[in-house]
Amino acid sequence: MKNAVGREIPDFLLEGGKEVYQGKNYMDGKYVQKATPKTRRYEKPQESKIVETIKDALIACGARDGMTFSFHHHLREGDFVVNMVMKAAIEELGLKDLTIAASSLGAAHDLIADYIEEGKVIGIQTSGIRGRMGQVVSEGKLKTTAIIRSHGGRPRAIEAGEVHIDIAFVGAPTSDCVGNSRGIGGKSNCGSLGYAMTDAKFADHVVVITDCLVDFPNMPASVEAIDVDAVVVVDSIGNPKKIASAAARISQNPRDLMMAENVAKVIASTPYFRDGFSFQTGVGGPSLAANLFLEKYMDERGIKMGWAIGGICKPMVELLKKGKIGKVIDVQDFDLDAVNSINQTPNHFEMSASQYANPANKGAFVNKLDFVVLAALEIDTGFNVNVLTGSDGVLRGAPGGHPDTAAGSKVCIIVTPLVRGRMATVCEKVVTVTTPGDCVDVLVTDYGIAVNPLRPDLIKCLDDAGIEHVSIESLKEKAYSIVGRPDDVQFEDKVVAILEARDGTILDVIRQIKPYTL
Amino acid sequence: MIKRPTPERFRLRRTMMFMNAQKPGLIKDAYIYGCDSIMLDLEDAVAENQKDAARFSLYHALTTIDYGKTEVIVRINGLDTPHWQEDIRVCVAGGADGIRIAKCESAQDVKTVEAAVEAAEKEFGVEVGRTLLMAALESPKGVLNAYEICSASDRMFGVAISGGDFRKCMQTKFDPSGIDMLVARGQMLMAARAAGIQCFDTVFTDLDDNEGFEAEVRQNKAMGFDGKSLINPKQIRLVHEVFAPTEKEVLQAEAMVSAFREAAAQGIGVFTVNGKMVDVAFIPGAERTLKLAKACGMYEGDLV
């Protein structure tokens, strides 16, 4: 069955009432029955929940074959937790048929590719999938169909019981002996623990793994002891150098700066750019540099940003400290400046992924967002964006908060160079639709700006401000005139992953890659 | 093959951005930054043993990349090198809009280049006279001979000073006040205006000194320069901002030009605009202001 972005969704995936993507806000007003976990009572006073090893924690939580384990990705490419837990479960306890439900996975988890090939891990549900894991899933080696969700779609699915977490593992930079956990302090600081919060509330069992045990009570806690079954103290939960990078610096690349300046110009031309406006930006070169130019426009107009959300890094923290932003609320921190600021700088707060972006709750921040500036691997003439699959069709990215912020914001701006090496970023048809075109409003490239025809109001804003813009078709033609028109990527029939829209419908499928032959 | 339109001898040239002709990543789409002219360099940016490779890169850029309305000039190697003749052949064969003569010191230098350009135009079947010329003055001798250089050929559209070499010759160094180059800039400007061609200032090399750059650009504008050479795309915006006319100047120019055209149609030579006497002598200046305003997005009428 064809969905609203023109993708053919095989019927067998729709058995059991799953629907295809119908367009933005399709589920609005519907009711959801939330799933409740089955949790153990700890009535008898307990001095400590510390157990010796991860294996002991798994046993204490009744780990067995076929279970679903959840993880969060605040430790990013420095994460040791996923591998430690899966190793203990598979190699020490001999478990099999396991499913990993993570907020994101990366190259740090190449080991899991082996467990997939051995048939020990049979399910993957995640936002990001990269490295060897992306490769083996794309090769069709995962026993079940992987599910890719956005950061808002994941807590929605957890709350609705579409994914039931048997044991949630929380990698915590600090914890006390009963499991009150924070992202701050210790040696593996990551700042926010926003992605772990919903997991802890909806999992049957919760295990905290920390490398820094602190005195009780560890307050204010991001994950609370009331939800925690066991605490394990290990030598190290991650490589600090890869957890929080050195301060994100604003690009000096003239191409990035030019695009960033145009992003700021577009923002300043709209009526939403007024005192108290809200903003989110990615950490890519031109997206981050947009901060710099936006600040100039804010100063010129004498206005301040009301609040900013996101993944947060240094330039945003600096604006907060200068008093140019009212509040910063974040679900993840990308660099040391952000890590050291959250819950320390006045008005810099932590939030859960659900509070950030869940389309099924009653007040996600993204729904109050004025502007979001995002990148893209590919964008097609229907303004559909791909941030998941490479030009070879292999899984190597993450929708993250992209579809959530695009759908919720009043103005979603994609900023990307027109071509990357020999690849056209603006193309006829993206390999995978990760953010539907009805949520994307403006495209800024180094060769020109295009506005989605669905937004005549924004077209007028740009015209009134004298900002030149062209059709997205002409940008696509320009891209092809430079790098040539590529052949379509070849796939086998087998569906290896479902790309779920944030509302739970099916936006696209990823099929097994076909080895390329000349 | 890309066919560029016939070059315009007198056009807007506020910004001329230098780029190494050997760097495909830079030159492949230099027009996106919105400078008026790009200056593809075969001279100092290219190592001695890479001159030939740079010419190949240049030729392919000129013949395969559509630079659109951005003017494409090439800086060739000096007449005291073994490279300049081949440089000229490549420029003409590729269809560059103009050639910048490095280290120009006399009218004869211009004439020598002109003869080689004409020979190349005939060799490659290019319309004779199509390729424009400009001269870079880099020594006291060049500055002293500025007028004869500026008026040496009908192909000449402008003259520029090269600060680095000139300061070396004068045994001075960069001074934020501009005193180090004051006489040279003044002399060159007078010569260019006397010969009726354009005049461009040297590059500002400290990319981190935004205030110094702005001060120099403002001084350039006050002295009467037409534009400035640049080394980085991020310098473009400020030059365009500084060189933009004021709103009042645009309104005045518009009033003058439209009044003149009406008056001329009625056979009237001298008339008044907003109480000021205006005659034909004011019109080229007013038209220049309107063209500049149009390029800066400040004027959308059809008088120019």
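Kindly indicate whether A:Ala225 is on the phi < 0 side of the Ramachandran plot and either within 14 Å of chain B (Cβ to nearest Cβ) or under 23 Å from the mean Cα position of the chain (by Cα) (or both). No. Checked against (1) of a type in the set (Val, Ile, Thr); (2) at pLDDT 95 or above; (3) crowded, with 22+ Cβ neighbours inside 10 Å, B:Thr81 passes all but a single condition, namely (3). Identify the residue in region A:176-225 that is of a type in the set (Ser, Thr, Tyr) and touching a strand residue (DSSP E or B) at 6+ places or on another chain (Cβ under 8 Å) and, among all such residues, is farthest from A:Gly311 (Cα to Cα). The selected residue is A:Thr210. Taken over region B:35-64, the criterion of being within 14 Å of another protein chain (Cβ to nearest Cβ) and under 21 Å from the mean Cα position of the chain (by Cα) is satisfied by B:Cys35, B:Ile38, B:Ala61.
Looking at A:Lys327, is it part of a loop (DSSP other than H, G, I, E, B), in the same structural domain as A:Ser278 (by TED's automatic domain parsing), surrounded by fewer than 21 Cβ atoms within 10 Å (Cβ to Cβ) and of a type in the set (Lys, Arg)? Full working, then the answer.
On the way: part of a loop (DSSP other than H, G, I, E, B): no; in the same structural domain as A:Ser278 (by TED's automatic domain parsing): yes; surrounded by fewer than 21 Cβ atoms within 10 Å (Cβ to Cβ): yes; of a type in the set (Lys, Arg): yes.
Criteria not met by A:Lys327.
Of the candidates A:Asn361, A:Asn367, the single residue that is surrounded by fewer than 24 Cβ atoms within 10 Å (Cβ to Cβ) and assigned to a loop (DSSP other than H, G, I, E, B) is A:Asn361.
Output the residue which, of all residues in region A:235-255 that are away from chain B (no Cβ under 14 Å) and open to solvent by 40 Å² or more (accessible area, probe 1.4 Å), is farthest from the chain's Cα centre (by Cα).
A:Asp235
Of all the residues that make up region B:287-303, how many are away from chain A (no Cβ under 14 Å) and open to solvent by 50 Å² or more (accessible area, probe 1.4 Å)? Of the residues in region B:287-303, 4 are away from chain A (no Cβ under 14 Å) and open to solvent by 50 Å² or more (accessible area, probe 1.4 Å).
If the Cβ limit is 7 Å and pairs must be 6+ apart or interchain, which residue in region B:193-212 that is in contact (Cβ under 8 Å) with a residue 40 or more places away in the chain pairs with which residue that is of a type in the set (D, E, K, R) and open to solvent by 80 Å² or more (accessible area, probe 1.4 Å)? Filtered contacts from region B:193-212: no entries.
Against the conditions (1) crowded, with 21+ Cβ neighbours inside 10 Å; (2) within 14 Å of another protein chain (Cβ to nearest Cβ), B:Ile88 satisfies every one except (2).
Residues in region B:26-79 that are touching a residue at least 60 places away in the same chain (Cβ under 8 Å) and of a type in the set (Lys, Arg): B:Arg75 only.
Take region A:256-275 and flag every residue that is open to solvent by 40 Å² or more (accessible area, probe 1.4 Å), more than 14 Å from chain B (Cβ to nearest Cβ) and of a type outside the set (Asp, Glu). Lay out the reasoning, then the answer.
Looking only at region A:256-275, we keep the residues that are open to solvent by 40 Å² or more (accessible area, probe 1.4 Å), and these are A:265, A:271-272, A:274-275.
Next, from what is left, pick out any that are more than 14 Å from chain B (Cβ to nearest Cβ): A:271-272, A:274-275.
Result: A:Pro271, A:Tyr272, A:Arg274.
When you go through B:Glu241, B:Glu249 one by one, which is the residue that is under 27 Å from B:Met190 (Cβ atoms), open to solvent by 60 Å² or more (accessible area, probe 1.4 Å), more than 14 Å from every other protein chain (Cβ to nearest Cβ) and out of contact with any Phe, Trp or Tyr (no Cβ under 9 Å at 6 or more places or on another chain)? Walk me through it before giving the result.
Values: B:Glu241 fails: more than 14 Å from every other protein chain (Cβ to nearest Cβ).
From the options B:Glu241, B:Glu249, the qualifying one is B:Glu249.
Restricting attention to region A:52-63, does a residue exist that is in the same structural domain as A:Ser236 (by TED's automatic domain parsing), within 29 Å of the chain's Cα centre (by Cα) and in a loop (DSSP other than H, G, I, E, B)? Scanning region A:52-63 turns up at least one residue that is in the same structural domain as A:Ser236 (by TED's automatic domain parsing), within 29 Å of the chain's Cα centre (by Cα) and in a loop (DSSP other than H, G, I, E, B). Out of (1) open to solvent by less than 20 Å² (accessible area, probe 1.4 Å); (2) modelled with pLDDT under 95; (3) assigned to a helix (DSSP H, G or I), the odd one out for A:Gly393 is which? Every condition holds for A:Gly393 apart from (3). Of the set (1) in contact (Cβ under 8 Å) with a residue 60 or more places away in the chain; (2) more than 30 Å from B:Thr64 (Cα to Cα); (3) not aromatic (Phe, Trp, Tyr), all apply to A:Gly484 but (2).
Suppose the filter is part of a loop (DSSP other than H, G, I, E, B) and either in contact with a strand residue (DSSP E or B) (Cβ under 6 Å, 6 or more places away or on another chain) or open to solvent by less than 10 Å² (accessible area, probe 1.4 Å) (or both); does A:Ala308 pass it? Quick ask: steps written out before the conclusion?
Details: part of a loop (DSSP other than H, G, I, E, B): no; either in contact with a strand residue (DSSP E or B) (Cβ under 6 Å, 6 or more places away or on another chain) or open to solvent by less than 10 Å² (accessible area, probe 1.4 Å) (or both): yes.
Spelling it out, it is not the case that A:Ala308 is part of a loop (DSSP other than H, G, I, E, B) and either in contact with a strand residue (DSSP E or B) (Cβ under 6 Å, 6 or more places away or on another chain) or open to solvent by less than 10 Å² (accessible area, probe 1.4 Å) (or both).
Count of region A:19-39 residues, restricted to those that are open to solvent by 100 Å² or more (accessible area, probe 1.4 Å) and either modelled with pLDDT under 95 or of a type in the set (S, T, N, Q) (or both), is 3.
The residues listed here are A:Ala157, A:Ala168, A:Ala88, A:Ala102; of these, the one that is of a type in the set (Gly, Ala, Ser) and out of contact with any Ser or Thr (no Cβ under 9 Å at 6 or more places or on another chain) is A:Ala157.
Can you say whether A:Ala406 is without any contact (Cβ under 8 Å) to a residue 60 or more places away in the chain and within 16 Å of A:Ser269 (Cα to Cα), as far as the supplied structure shows?
Working: without any contact (Cβ under 8 Å) to a residue 60 or more places away in the chain: yes; within 16 Å of A:Ser269 (Cα to Cα): no.
So A:Ala406 fails the test.
When the residues of region B:20-34 are filtered to those that are away from chain A (no Cβ under 11 Å) and either among the acidic types (Asp, Glu) or open to solvent by less than 40 Å² (accessible area, probe 1.4 Å) (or both), the one that is nearest to A:Ala479 (Cα to Cα) is B:Ile27.
Before we move on, is A:Pro254 within 21 Å of A:Tyr195 (Cα to Cα) and either in contact with a strand residue (DSSP E or B) (Cβ under 6 Å, 6 or more places away or on another chain) or modelled with pLDDT under 95 (or both)? Here the answer is no, as A:Pro254 does not meet what is asked.
In contact with a Phe, Trp or Tyr (Cβ under 9 Å, 6 or more places away or on another chain) and open to solvent by 30 Å² or more (accessible area, probe 1.4 Å): which single residue out of A:Leu418, A:Leu443, A:Leu454 fits that description? Walk me through how you get there before you give the answer.
Working: A:Leu418 fails: open to solvent by 30 Å² or more (accessible area, probe 1.4 Å); A:Leu443 fails: open to solvent by 30 Å² or more (accessible area, probe 1.4 Å).
Residue meeting the stated conditions: A:Leu454.
Where in region A:438-518 are the strands (runs of 3 or more DSSP E), entirely inside, with at least 1 residues that are touching a Gly at 6+ places or on another chain (Cβ under 6 Å)?
A:491-500, A:506-513
When residues in region B:251-301 are screened for being within 19 Å of B:Phe10 (Cα to Cα) and not in a helix (DSSP H, G or I), 1 of them pass. Within region A:64-86, if we keep just the residues that are outside any strand (DSSP E or B) and among the small types (Gly, Ala, Ser), the residue that is surrounded by the fewest Cβ atoms within 10 Å (Cβ to Cβ) turns out to be A:Gly66.
Just to check your reading of the model, which residue among A:Met316, A:Met298 is in a helix (DSSP H, G or I), over 26 Å from the mean Cα position of the chain (by Cα) and under 14 Å from A:Ser278 (Cβ atoms)? Going through A:Met316, A:Met298 in turn, the sole match is A:Met298. Residues in region A:473-502 that are away from chain B (no Cβ under 14 Å), open to solvent by 30 Å² or more (accessible area, probe 1.4 Å) and among the charged types (D, E, K, R): A:Glu473, A:Arg485, A:Asp487, A:Asp488, A:Glu492, A:Asp493, A:Lys494, A:Arg502.
The values are calculated or read from the model by the stated rules, or taken from the named source; none is laboratory data. A quick note: this is a predicted structure, and the numbers were derived from the prediction, not measured. Note: ideal-geometry Cβ built from the backbone for every residue, glycine included; neighbour counts use all protein chains shown. Ligands, DNA and RNA are stripped out before the accessible areas are found, and what is left, the full protein with its side chains, is counted by its heavy atoms. Shrake-Rupley method; radii C 1.70, N 1.55, O 1.52, S 1.80 Å.
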